[in-house]
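Data first, discussion second: the structure below is written as C-alpha cells.
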Amino acid sequence: MLSRTADHLYWMARYMERAENIARILDVNHRMSLMPQSQAQAEQAWGATLRIMGLEKAFGQDHAEVSADAVLDFMVFGKNNPASIRNCLHAVRENAHAVRGTLTSELWETANSTWIKMSAYTLEQIHDAGVSDFFEWVKFRSHLSRGVTIGTMLQDEALRFIRIGTFLERADNTLRILDVKYQLLLPAGEVEGGAADYHQWSALLRSVSAFEVYRRVYRDVITPSRVAELMLLRADMPRSLARCMKEVHANLRLVSNDQSAETERRAGLMEAMLRFGRIDAIVREGLHNYVVQALAQIQDLGNRIADDFLLPVSSAR
Amino acid sequence: MTTTGFYDEMRDGAGRVREHYKAYQSWLEEMPADRLSQKRTEADTLFRRYGITFAVYGEDAGKERLIPFDVIPRIIPAGEWQLLATGLRQRVRALNAFIADIYHDQNILAEGRIPREQVFDNAQYRPIMKGVKVAGDIYAHIAGVDVVRAGEGEYYVLEDNLRVPSGVSYMLENRKMMMRLFPRLFSRYRVAPVDHYPDMLLNMLRSVAPVGVTDPTVVVLTPGVYNSAYFEHSFLAQQMGVELVEGQDLFVEGEHVFMRTTRGPQRVDVIYRRVDDDFLDPLAFRPDSALGVPGLIDAYRAGRVTLSNAVGSGVADDKSIYPYVPDMVRFYLGEEPILHNVPTWMCRKPDDLAHVLAHLPELVVKEVHGAGGYGMLVGPAATREEIADFRARLEAHPERYIAQPTLALSTCPTFVDAGIAPRHVDLRPFVLSGEEVQIVAGGLTRVALREGSLVVNSSQGGGTKDTWVLEA
C-alpha cells in the first residue's frame, strides 16, 4: 500500500476517534453541570476539559473567560481549535476523500454524510435539540464508522492502519480523561475514598461507557483506584489502555516491514507492562506521573509509526 | 414541444414520437406529474452523499459542485450506434497512425498532405518523442471523441480528445443512478450495459505494458484532490483495483519507476496518467511542476514504463490539426471517412480569415488551443460588443483561431424548471486502443440546460444524461 494512503487512513481513524472522545468528555461535563454545584466548581470542570486536550492557550486566544457556552462553542465549532469536533469531522472527510478509492463506498459515504450534516449544524440548533442529543449523534457516527469499517473493509493493510489509528488515539484520550479527572477529583492531600464524590466518579466511568461495566466487574462501591485499574489495566474493557495497546501491537505486527522491528518491540513492551502491571504499584508511584510517562510512550509510538510506514520513504534509505 | 430547425432525438419534424422513444413516452404518460421532480431531488441527494462532485476553479475555488443530472435518457437505436462505432474506430486508428508517423518517418508530411509548420509549430508536438518506440505503437490509448448531430441527424465529430479526456465516470454513475431511480424502465428497453468499462480499461492498460513485463503493475496518476476530475481518478483506480498515486508517491531509480509503499519501493509498469504532458516531469517539461516525477520521461524514453496516453498525443487533437483528420483516414487506412468533420476555416489562411470576418455573427470561433468552452465566440448568441472584441482579437492573432458554422445541434427532451423541454446535447463516447480498438456501447451525453444555449461544458452550466444504446 502507498505510504501516503496509509497516512490518510491512519489520520482518518484518529480524527474520528478524537471527535468521539471529545463528545464523550463534553457530554459528561454537561451532565455534571446539571447537578447542584458552585460556580467555581463548574468553571473548574470546564477548565479541566480544556486541559485534557492541552487547549487552554488556544482557548484563551478566542475567549476571555471559561464558561459552559464558551467551551462548548470552542470544542464543537472552534475554527482555531484543531481538535474541535467540527474540525475533526472535516479532517475525517478530507482524509477519506484523498483515499476514497481505497475505502469501501459505504465507509466513504459514512464519512462524507457525517461531514455534510456536521457542516450544517449551528450552536443554536444544538442547544434547541439538547446538547446531549448532539453528542450522542457524534458518538453514534463514530460507532457507525467503526462498524462499517469492520463490516465492509477487506482484512488487509488498509484495515490495519485504520485500526492502529483508532486505538492509538483512544489510548491517548483515555489517559487524558483519567489524568484530569484524577487530579480534579483528588485535590492535593485528599485521600482516596474521602470527599471524592460518587457522582463525579460515576460520570467519569460514563464518559468511557464503563459505568455498567464497573458494576459487573467489581460488584462493589466505586473507588478511584478501581476506576484507574479498569481504565488502565483491564484488557477486557474496550477503552482501557491495556486493550488499546494490545490492538496497536497486534495490528503493527501484521503490517511489519524491514525497519519496523523496534517500533513493534516498544509497542509489545508497553502491552506486556500493562498486562502484568498492578494498580497498587501505579497508584503508589503516583498516577499522574504514570500517565505522563504513558502519554510520552504513545507519542513516541506515533512518531515511530510515521517514520516507519507513513512518510514517503526515500529510495536512498 | 419541437424546436423548429433542430433535429430532435425524440420527435420527428412533424412532432411524432420516434420509434425508439415510444416506450419511453408511454411510460412517461403513466407517471404522476410530480414523479420526475421527486426523482431529480432524490438523484441530487444521492450524488451529494456519494460525493460525485467536481471541484470548481476561479471565484468559488475550493467548493465542490454537482454536475446537474437530467433524469430523461438519451436513446440511440442499435443501427445508428453501429455506424457511429465503426466510424469512431476508424477515426481513432487513423489518429494513432498519424501520431506514430509524426514521431518517426513523417510520411504524411513528406507527401505534403499536412503543412510541416502545422505540426512543428504546435505546442503539443513533443520533440523528445522523436524516434521513441512506444508499446504497440499506440499513443492515444483512451480517446473521448465529442460527437454532435446536426441537420437531418447526421453525426459530426467536433473534437478528438486524446490527452486526458474525462467524463467516463459520469457515464457509469449516471447509469447506476437511472437503474436505481427507474428500475422498471429497464424492463421496457434492452439497454446495452456499460459497467464493464473499468475491466476493459484495465485489460487495455495491461496489454500495453513495456515489453518483457508479464504481470504489470498499473497505477492511476492524479494531480490530487483539488483537481476538478479527482472524483473520476479515484473512481477509476478503485474500480480497476489499482493504486491512485500522486507525483510525490513515485520516484525513478535506474530508469525504473517505483512507488513508495508501506513495505518499501514497488515497481510500476503502466501509468494511466491524468496529468498533462507539461506537468509530468520537472526535468523534461515545466521545471516548476510539483505534480510530476523527476526522471519519469527518461524512464519512459528508455521503454521501462508505459504512459497512457503517450506523451505528445495532443499533437493530433489540436484544433489546427482537426481539419486534416479525414485526410489521415484516407492516407493511413486507404478508406473513406465514415464520420463527418465540421467544415472549418483556419484563420491563419488569409482567404479563410476574410470569410470569417465577414460572417462573424453566424459563426462559432474557437481558440486553437482552448478547451472547456472558454475563449469561444458563438456568433448568433453574441452581443455586438462581443463580436467587436473577437474581431479585434482575430485581426491581431489570426493564427490562434479557427471558425466553424454554428451547428444546429440536435435537441433531446430534458426536465427543466418549466417542465419537459428540448435542450441541445452532444455525445462523448470513449474509445480504447490496445491490441484492438474497443468501445463500450454508450458514452457521456452532455446537455446545455439553458434554453437556446449550445455550450454543454459542465464548467458553463451544462448537465449530463444517461445514454442508452439499444441492443439489436
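In a simple Cβ point-charge model (Lys, Arg +1; Asp, Glu -1; nothing else charged), segment A:167-317 has a dipole of about 380 debye relative to its Cα centre. Taking all protein chains as shown and a probe of 1.4 angstrom, residue B:214 keeps an accessible surface of around 130 Å². For the protein assembly as shown, the fraction of C-alpha pairs more than 55 angstrom apart is 23%. Taking 20 Å as the straight-line reach from the Cα of residue A:117, the lysines in range (excluding those fewer than 8 positions away in the same chain) are A:79, A:139, B:63. Kirkwood Rh and Cα-based Rg: tell me the resulting Rg over Rh for chain B, rounded to two decimals. My calculation puts Rg/Rh at 0.96.
For the pair segment B:135-174 and segment A:247-296, the centres of their Cα atoms are 58 angstrom apart. For segment B:275-415, the pair-distance distribution built from all alpha carbon pairs, in bins 10 Å wide starting at 0, is 10, 29, 26, 25, 10, 1 percent.
At full extension, residue A:289 and residue A:133 could sit 52.6 nm farther apart than now, given 0.36 nm per residue minus the alpha carbon distance.
Bridge orientation summary for the protein assembly as shown: considering DSSP beta bridges with both residues in this region, about 75 percent are antiparallel. Here residue B:465 is the anchor, and the lysines within straight C-alpha reach of less than 16 Å, apart from those fewer than 8 places off in the same chain, are B:39, B:176. Applying both filters, DSSP loop and at most 13 other Cβ atoms within 10 Å, to the GluC sites (Glu not before Pro) of segment B:306-397 gives B:335. For chain A, the Stokes-Einstein estimate of translational diffusion at 37 °C and a viscosity of 0.692 mPa s comes to 162 µm²/s, using the Kirkwood hydrodynamic radius over alpha-carbon pairs.
Comparing Cα centroids, segment B:106-133 and segment A:1-57 end up 64 angstrom apart.
Against the criterion of solvent-accessible heavy-atom surface with a 1.4 angstrom probe, A:18, A:253 sort, most first, into A:253, A:18. Over chain B, Cα pairs under 8 Å with separation of 6+ residues give a relative contact order of 24 percent.
The three principal axes of the C-alpha atoms in segment B:136-181 carry coordinate ranges of 42, 35, 15 Å, sorted with the longest axis first.
The calculated FRET efficiency for the pair residue A:216 and residue A:300, based on their C-beta separation and a Förster distance of 41 Å, comes to about 0.75. Beta bridges from DSSP with both residues in segment B:178-316: antiparallel share about 45 percent, rounded to the nearest 5. For segment A:1-138, the C-alpha radius of gyration sits at 1.13 times the compact-globule guess of 2.2 N^0.38 Å, with N the residue count. For segment A:167-317, taking the reciprocal of the average inverse distance between every pair of different Cα atoms yields a Kirkwood hydrodynamic radius of 16.4 Å.
Whole-percent P(r), segment B:211-304, all Cα pairs, 5 Å bins from 0: 3, 14, 24, 26, 20, 10, 2, 0.
3J(HN,Hα) along segment A:153-162: 7, 4, 7, 10, 3, 4, 4, 4, 5, 4 Hz, from the Karplus curve 6.51 cos²θ - 1.76 cosθ + 1.60 with θ = phi - 60°, whole Hz, x for Gly and Pro. When the GluC sites (Glu not before Pro) in segment B:139-209 are filtered for DSSP coil states and for at most 12 other beta-carbon atoms within 10 Å of their beta-carbon, the remaining sites are B:152. Cα centroid separation, segment A:229-244 to segment A:124-171: 19 Å.
Placing pseudo-labels 7 Å out from each Cα toward the beta carbon at residue B:359 and residue A:262 gives an inter-label distance of 7.6 nm.
The values are calculated or read from the model by the stated rules, or taken from the named source; none is laboratory data. On a predicted model such as this, the values are computed, not experimentally measured, just so you know. Positions of Cβ are backbone-derived with ideal geometry, glycine not excepted, and every protein chain shown enters the neighbour counts. Note: areas computed on protein heavy atoms with side chains; ligands, DNA, RNA excluded. Shrake-Rupley method; radii C 1.70, N 1.55, O 1.52, S 1.80 Å.
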